[in-house]
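This report refers to the structure that appears directly beneath it.
The values are calculated or read from the model by the stated rules, or taken from the named source; none is laboratory data. Please read these numbers as outputs of a predicted model, since none were measured by experiment. Keep in mind that these areas ignore ligands, DNA and RNA; they rest on the heavy atoms of the full protein, side chains included. Shrake-Rupley method; radii C 1.70, N 1.55, O 1.52, S 1.80 Å.
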Amino acid sequence: MAIMAPSSRSLVFTVRRCEPELVAPAKPTPHEFKQLSDLDDRDSLRFQVPNIQFYRYNPSMQGRDPVKIIREALAQTLVFYYPFAGRLKEGPGGKLVVECTGEGVMFTEADADVSLEQFGHAIHPPFPCIDELLYDVPGSGGMLDCPLLLIQVTRLRCGGFTFALRLNHLMSDAPGLALFMNALGEIARGACAPSIPPVWQRELLNARNPPQVTCTHHEFDELVEPQTLIINPLHELACCSFFFGSTQVSAIREKIPHHLGKYSTFEILTAFLWRSRTIALSPNPEDQVRLIFMNSVRAILNPPLPRGYYGNAYAISLAVTTVGKLCENPLEYALELVRKAKANVTDEYVRSFIDLVVTKGRPRTTIVKSFVVSNTARVGLRDVDYGWGKAVYGGLAKIFEIQSTSATTFYIEAMNSKGERGIMVPVCLPTPAMERFVRELNSILQDQSDGGPMSKFIISSL
């Protein structure tokens, strides 16, 4: 588990940007109002999500300009995904709707005096000068009456380029965004239309009439953070990213009794990190602790959502226990809690959750006492091809933006310095807790670290 040396951390370069422009659909599109679903229209989704892709120079594309190709393909793609060219408005009762105005999405052309190789062998966040590669155009970042997508394509000195995109999360989740970006890639490569036609149909995820809350939900419980979990202001937060490849996951898997059957990589990693993080924070054994993770409902619903549905389509899985039970029991205790939390998300559970959201007035999810996980490692943004092949990196553009122990932990597809693909996990903890966290991980993984300390699989730290 060689360390991913953050060689690009001190990298400084200049980006020259053209004036931002609005790219509208290439053909006239309907001027209409489209309601968001009750699963879209939640206060907890009122934020922007930054993503970035890095592409190598491809000799077969010599003389072809990625900015021109992507800009033209974007206009054509928006004919099919025309709601993205509109603006969010607030309707009666505060219900959000998209006015399909055809105004377009924000697009910036740029050039950077840096080559892809200067970002290091294994490209992963945090990225240097990210605010230059994804420039926040003044006045563009609001939830209402603002562009729903902001895109910047930056040519690199080596002939490669970056594609950075900021998404209004009210419109789509990560799989929905991947549908749009793959459609853009197909049209950039010469297709006349997306292979998977986009589907709006947000009414499929609206509350029932009347709402029927039939399941137990703890997502909106009103809780108070226990004193043992409140950060001491004298302790600065340490933020590190850890790499888990097949070797590390296998080492954790070996600690699980074989008779318990097979667990997924997500289940193993999530149970392991939840337990290790809780041990590191050393809270009171009687305190309640919670695990929250996002569960795609696309295939869970009966019938399943249409393949081209690109709205938010996930429910919250939640496990609850006490510190003592989580830390004193072996790992399989946490594993069973994760598995049961996943299994609880049935068609009826999702419908009940949506009904509860509407009944309670679209509240924010309670993250007090919680380890919150969002798994973006299998979304497939690295696979998007605009003609230059797959991306070297495709995923979140920023991590550690909110340095908090309650901030969402993202699982990000990444590659280490050996070229091994795996999952990168950014973690923020008070410095003493981070030291205990590393020791806890080391107790399981030290024999997998090529003879060196556990810190060898710390990718980067701030």
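Compared with the rule-of-thumb size 2.2 N^0.38 Å for a compact globular protein, segment 150-223 has a Cα radius of gyration ratio of 1.70. The amide H of VAL372, built 1.01 Å from its N in the peptide plane, has ILE292, THR409 as neighbours under 5 Å, considering only residues 5 or more places off or on other chains.
Students sometimes get this wrong: rank ARG378, ARG71, ARG364, ARG277 by accessible area, probe 1.4 Å, all chains present, largest first.
Correct descending sequence by accessible area is ARG378, ARG364, ARG71, ARG277.
Rg over Rh for segment 23-178 works out to 1.01, both radii taken from alpha-carbon positions and Rh defined as the Kirkwood radius.
Share of carbon and sulfur in the accessible area of segment 1-126 stands at 52%, probe radius 1.4 Å. Estimated from helices alone, the mean residue ellipticity of the chain at 222 nm is -7000 deg cm²/dmol (sum of -39500 (n - 2.57) over DSSP H runs with n ≥ 4, per residue).
Here the relative contact order of the chain, from alpha carbon pairs under 8 Å that lie six or more residues apart, stands at 25 percent. Taking all protein chains as they are arranged and a probe of 1.4 Å, the heavy atoms of MET415 leave approximately 30 Å² accessible to solvent. Between ARG17 and SER195, residue separation times 0.36 nm minus the direct Cα-Cα distance comes to 60.8 nm. Stokes-Einstein diffusion for the chain, with the hydrodynamic radius set to the Kirkwood value over Cα pairs and evaluated at 4 °C in a medium of 1.567 mPa s, equals 56 µm²/s.
Apply the a/c threshold of 1.5 to the C-alpha gyration tensor of segment 188-334 and tell me whether it is rounded, prolate or oblate.
Here segment 188-334 falls in the prolate category.
Figure note: SER417, SER60, SER140, SER44 ranked by solvent-accessible area, largest first, 1.4 Å probe, ligands and nucleic acids not counted: SER60, SER417, SER44, SER140. Long hydrophobic helices in the chain: the complete DSSP H runs spanning 20 Å or more by Cα along their own axis with mean Kyte-Doolittle hydropathy of at least 1.0 are 174-188.
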